[in-house]
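The structure under discussion appears below in the form of C-alpha cells.
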Amino acid sequence: MYETIQILHSYLAYVVLAVLFLAVANALMGWLGNKMFYPQKDLRLSLFALILSHIQLLVGLLLFFVSPSGLKAIQALGMGGLNSAARLLAVEHPFINIVAIVLITIGWSRHKKFMEGKKKFKSIAIFYGLGLILILSRIPWGQWFN
C-alpha cells in the first residue's frame, strides 16, 4: 500500500506542478496585461490547480501516516534524532506544503471577492505564486529523481 501511495504522490506531483505553473503564468499575464477574466478559461484553470493541489495534499497526508519516512520516523527517532534528509521528509515537506495549499486556497477565496479582472488575476498570481514557490522549495529533489 505504501509503495502505491508513494508512486501516486510522485506522479501526481508532476501534474500539479504543471497546472499550478500554468495557472500562475496565466494570472501574471492577465494581471500585467490588464486582460479580462474569462470564466471559461481563467476561472477553470485556477480552479483545476486548486483542486489538484488539494488532492495532492490529501494523498501526501495519507503517505505521511503510512510511510516509514513520515510519522513513523518521528516516533522512532524523535524530532532531535532526525538528520537533515529525514527532517525534510518528516517535517519540512509536509508543513511547508500545507502552508502552500493554504496560500493557494486564500488566493482562490480572495479572487471571488473582486469584480475587476485585474484584481482577480493579481490575487491568483500572488497567492498561487507564493504557494508554488513554497512547494518547489521543499520537494525532496534528490529522492524524486532517483
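Nothing in this text is a laboratory measurement; each read-out follows from the coordinates by a stated rule. This structure is a prediction, so every number in the text was calculated from the model and none was measured. Here the Cβ positions follow ideal geometry from the backbone for every residue, glycine too, while neighbour counts run over all protein chains shown.
With the radius of gyration and the Kirkwood radius both derived from the Cα set of the chain, what is their ratio Rg to Rh? Intermediate results must be reported in sequence, preceding the final value.
Details: Rg = 16.9 Å, Rh = 16.0 Å.
Result: Rg/Rh = 1.05.
If you average over every viewing direction, what projected area does the convex hull of the Cα atoms of segment 71-146 give, in nm²? Before the final figure, lay out each step's value.
Numbers: hull surface 24.5 nm².
The Cα convex hull of segment 71-146, projected and averaged over all directions, gives 6.1 nm².
Hey, got the Cα dimensions of segment 1-51 along the principal axes, in Å, largest first?
Projected onto the principal axes, the Cα atoms of segment 1-51 cover 47, 17, 10 Å.
Within the chain, how many lysine pairs that are 8 or more places apart, or on different chains, have C-alpha atoms less than 18 Å apart?
Close lysine pairs under the 18 Å cut-off: 14.
Which of the peptides 76-88, 23-35 is most tightly packed, and how do the rest follow, judged by the mean count of other Cβ atoms within 10 Å per residue? It would help to have the intermediate numbers written out before the result.
On the way: 76-88: 12.2, 23-35: 18.1.
Per-residue Cβ counts within 10 Å, averaged per peptide and sorted highest first, yield 23-35, 76-88.
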